[in-house]
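Here's the structure, in structure tokens; my notes come after.
What follows draws every value from the coordinates through simple rules; no lab data is involved. All of these numbers come straight from a predicted model, not from anything done at the bench. Cβ placement follows ideal geometry from the backbone for every residue including glycine, while neighbour counts extend to all protein chains displayed.
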């Protein structure tokens, strides 16, 4: 079994932040993590002189490589350790083509440069950003055997899918003098002697690629000092101040996309803050419910009824004056275009939306069978073509009207400049009437949406979140929504008159896109299993369950002493079961003193921390193993008795446990 890391950076490029490479730090990394093979893969470049220096200084296999920006993703290309001059010249061509961090080359250009891709090991960013697209992978399918992932979770997920590439986990590290910790992300392969051909053969068989040397994909290295954890459920034990949280922090620092629930972080005694937290978590509910109303408000915001009235009044006044000044008519004012109104253009937005809707029906694959039961694809295609034709005809008419309106306006300007006659003001009566009707509908919509109603309900592990829409009851509520020092007293006095209220909001320094939020508030309530609002302790319980439930969006879950905030009954009956379920998908690590969590949860793996003081220096050691192991071992080979660990950390020692059992529990039982 060999341990490899084929993604190492030793030189900064336009795709990196600047760093000064340290060969000593790279040596330290290889020795400390016992790595058998590395590949130097700098972004779009290969430095032959530096590669030779590194290769000569290390007593392991060092392979030449390059990380290429390929069709908007990243691809590792690794070569045999021979013909280095030729490889260097090919990499130079890549470097010349990629002159900014937004450039990339095509598959065709890649093949043109490297000619015979079968000579190389190609590893795309697979479950890792910026990932290579499936389309690009398909183009290179015969040359690709493995894909780079970013986490243990994604590694395990890929091993369970027949159609996935063989997953590999690499550090993607840059080595510089001040680097204070090393990534534990490497891959083990079932190979006796390192060669590029041997590595490729292992990658073509995912049964020969592993996360650990001894336990295959059942465990992984969690920290640089060698702590091994299960890919399932782990419990970390230890006395007070023995380094449990220190160890948890090291694990958190070693991986990306970590869900870390820290000790006491979920205690929640403030009801208002709790409601605000729930509101933030469920913000998408409010946004979805008010999405259409937001569009209505944005449309109405553009309407100015007072200006419309002034326009009509000005038109009527000018028309009367024009009619009474016939004696002033001249050759200019007698022309037909002098008082001509502009043509009204057709609003095509609804027709455009209809076309998009039909196109969606045509392109939909998920519900193709259902759609075909009612209407054929050919009929939909005929329909969309007719709609597009109608749209083009109307758009053409609008363009002609727009041209004529501009022409008429220019002619009228010239005529009116040359006459002393009064001319009627232009007014779009159709628009004025439509906007007046819009305001009527808008008022009805506001009254409807302000009617109190339940809009959402969701059950989460014995709790229920209820969302209700309701009217604001005072100016303070509006101010709280704005999160500003603005006064809303005047605005709230007009709250029952939707149009006037909106006009007043426009006078306040708030975002126009947020006006809709001030018409209705969404209030959330969290109920317990009996249907009552949760207590302070139940709020904390709900927070924990919600945060754990959210963990599957992450790659690893860390929890620091949940028993500090919760009772044993809750932990045993609700939390333990949930954690066991989650650990089937991602690694879970729990620090605990509680036997309810530490023992009853039946972890896959346990670790124990010990604090040792040597020459006034504090050293934190970690021992690990299976719960049934007699001995737990440390990365440097020391061992401790698992039995003593369990009793000391979970039961305050064997003597205290036996005394409590015989003098308390058994007496009560009898």
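Rounded to the nearest 5, the antiparallel percentage of DSSP beta bridges internal to the chain is 55%.
As a rough guide to protection, the peptides 487-493, 361-367 ranked by mean Cβ packing within 10 Å, highest first, stand as 487-493, 361-367. Could you give the angle, 0 to 90 degrees to the nearest 10, between helix 349-363's Cα long axis and the longest principal axis of the Cα atoms of the chain? It works out to around 40 degrees. Report the far tail of the P(r) of the stretch 1-66, meaning the percent of Cα-Cα pairs longer than 16 Å. Counting every Cα pair in the stretch 1-66, those more than 16 Å apart make up 43 percent. Distance from the Cα centroid of the stretch 1-60 to that of the stretch 134-200 is 16 Å (rounded to whole angstrom).
The alpha carbon centroids of the stretch 603-623 and the stretch 483-505 are separated by 62 Å. A crude spin-label estimate for the pair residue 312 and residue 161, with each label 7 Å from Cα along the Cβ direction, gives 6.2 nm.
Take 497, 142 and order them by how many other Cβ atoms sit within 10 Å, fewest up front.
142, 497
Counted by neighbouring Cβ atoms within 10 Å, the residues 107, 618 run from fewest to most as 618, 107.
Relative to 2.2 N^0.38 Å, what does the C-alpha radius of gyration of the stretch 326-421 come to as a ratio? Two decimals please.
1.87
The distance separating the Cα centre of the stretch 445-480 from that of the stretch 214-235 comes to 46 Å. For the listed peptides 237-245, 399-407, a ranking on the average number of other beta carbons within 10 Å per residue, highest first, reads 237-245, 399-407.
Placing a label point 7 Å from the Cα of residue 14 along the Cα-to-Cβ direction, the residues of the stretch 34-55 with a backbone N closer than 18 Å are 42-47.
In the stretch 2-221, the DSSP beta bridges split such that about 45 percent are antiparallel, to the nearest 5. Computed from Cα atoms, the angle from the helix 377-418 axis to the main principal axis of the chain rounds to 50 degrees. Helical runs assigned H by DSSP (4 residues or longer) give the chain a calculated mean residue ellipticity at 222 nm of -12500 deg cm²/dmol, each run adding -39500 (n - 2.57) before division by the residue total.
The order of 136, 451, going from fewest to most other C-beta atoms within 10 Å of their C-beta, is 451, 136. Take the Cα pairs of the stretch 2-221, get the Kirkwood Rh, then feed it into Stokes-Einstein at 25 °C and 0.890 mPa s and tell me D in µm²/s. Diffusion coefficient, whole number: 141 µm²/s. Just to confirm the number: angle between the C-alpha axis of helix 305-324 and the first principal axis of the chain, 0 to 90 degrees, nearest 10? Tilt relative to the chain: about 20 degrees.
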